[in-house]
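Asks: First the structure, which I've put down as structure tokens, then a few questions once you've had a look.
The values are calculated or read from the model by the stated rules, or taken from the named source; none is laboratory data. Just so it is clear, the model here is predicted, and its values are computed rather than measured. Please note: Cβ atoms are built from the backbone with ideal geometry, for glycine as well, and neighbour counts cover all protein chains shown. Protein only, heavy atoms only, side chains kept; ligands, DNA and RNA dropped before computing areas. Shrake-Rupley method; radii C 1.70, N 1.55, O 1.52, S 1.80 Å.
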Amino acid sequence: MKVYPIPGVGYGSNSYLVKSDKTALVDTGTDYANIIKETSKLNIQIDYLILTHEHYDHVALASQIVLNYNTRVYAHQLAAEYLEVGDSKHILCDLFNTQYPPIKVDVILGHGDVIDLGEARLKVIYTPGHSAGSVCLYERDSGYLFSGDVVFRDGIGRSDLPGGDFNKLMISLDNLHKLYLKDGVKRLLPGHGPLGEGRDLEKNHLMYSSNIK
Ligand SMILES: [Zn+2]
Ligand SMILES: [Zn+2]
């Protein structure tokens with residue numbers, strides 16, 4: 001497995017091209033030219049588009065990517081419910097001053113599901129709190145954790161947006177920290193900002209330890 005980070009531009013999320021026997025794109029960001037440039041350079045298709053959650057800055061380009069690459073779209077059940085009706089409240093259309101035409105989600109994800117890319121297998125961890133339909137993806141062989149907006153290198157996601165819940169976010173952070181302790185997460189690939197390491201989970205967990213029961 002090889003991972004090619006595509007850094008977010010402006011408010012847009014980071015995207016990650018995960019190349020194994022099949023290729024997945026984790027989140028779309030908002031810069032279509034960057035996605036095209038990277039896939040052309042690597043001469044790869046995008047077989048699967050995996051959305052970590054329903055917020056516009058992560059899903060903005062989904063319909064264009066599906067059209068161009070004939071990609072299958074994966075999202076958590078709750079994220080899919082919002083995306084398939086273009087729920088502007090949960091997609092945060094007002095915050096980003098935009099509209100979101102509904103998209104079709106081909107594969108509904110739930111906690112514990114495994115997305116099989118061939119050699120690489122992405123395990124789905126349901127991590128609500130930043131949004132209702134948030135998931136993280138963990139690849140055990142490499143120790144890579146795609147953490148969406150749940151946890152960043154230096155901090156955690158907001159919980160004050162529609163569908164957010166601070167207590168649930170704390171439980172999600174605690175679950176990711178348990179994964180780090182048990183399974184040895186090595187690399188943190190967040191939805192915004194610089195890439196981190198497994199021990200950043202420890203750091204962030206410690207920072208919020210008084211809120212974690
Ligand atoms: Zn985001
Ligand atoms: Zn978000």
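Asks: If contacts are Cα pairs under 8 angstrom and at least 6 residues apart, what is the relative contact order of the chain in percent? Walk me through the numbers before you get to the answer.
Replies: Values: 498 pairs, mean separation 32.6, N = 213.
Answer for the chain is 15 percent.
Asks: Also: Can you work out the Karplus-derived ³J(HN,Hα) for every residue in region 58-65? Use 6.51 cos²θ - 1.76 cosθ + 1.60 with θ = phi - 60°, whole Hz, and x for glycine or proline.
Replies: Per residue, the Karplus-derived 3J(HN,Hα) values read 10, 10, 3, 9, 3, 5, 5, 5 Hz.
Asks: Ok, one more. All other residues with a Cβ under 10 Å from the Cβ of residue 82 taken together, and with Lys, Arg as +1 and Asp, Glu as -1, what is their net charge?
Replies: So the environment of residue 82 carries a net charge of -3.
Asks: If you find the alpha carbon centre of region 1-39 and of region 46-89, how far apart are they in angstrom?
Replies: 14 Å
Asks: Under a GNM of the chain (C-alpha, springs under 10 Å), which listed residue has the highest mean-square fluctuation: 96, 152, 166?
Replies: In this elastic network of the chain, the residue with the biggest mean-square fluctuation among 96, 152, 166 is 96.
Asks: Show the residues, 5+ positions off or on another chain, whose built amide H is closer than 5 Å to the amide H of residue 23.
Replies: Amide H neighbours of residue 23, under 5 Å, 5+ apart: 47, 48.
Asks: Within the chain, what whole-number % of the accessible surface is contributed by carbon and sulfur, with the 1.4 Å probe and all protein chains included in the calculation? Don't skip to the end; give the middle numbers.
Replies: Details: 4680 of 9530 Å².
Accessible surface attributable to carbon and sulfur in the chain totals 49 percent.
Asks: Something else now. Straight-line reach from residue 182: which lysines have Cα under 22 Å away, leaving out those fewer than 8 places along the same chain?
Replies: Partners within reach: 123, 168, 203, 213.
Asks: Whose amide H sits under 5 Å from the amide H of residue 54, counting only residues 5 or more places off or on another chain, with H placed in the peptide plane?
Replies: Correct list: 133.
Asks: Please give the per residue accessible area of region 104-213, computed with a probe of 1.4 Å over protein heavy atoms only, in Å².
Replies: So region 104-213 comes to 45 Å² accessible per residue, rounded to a whole number.
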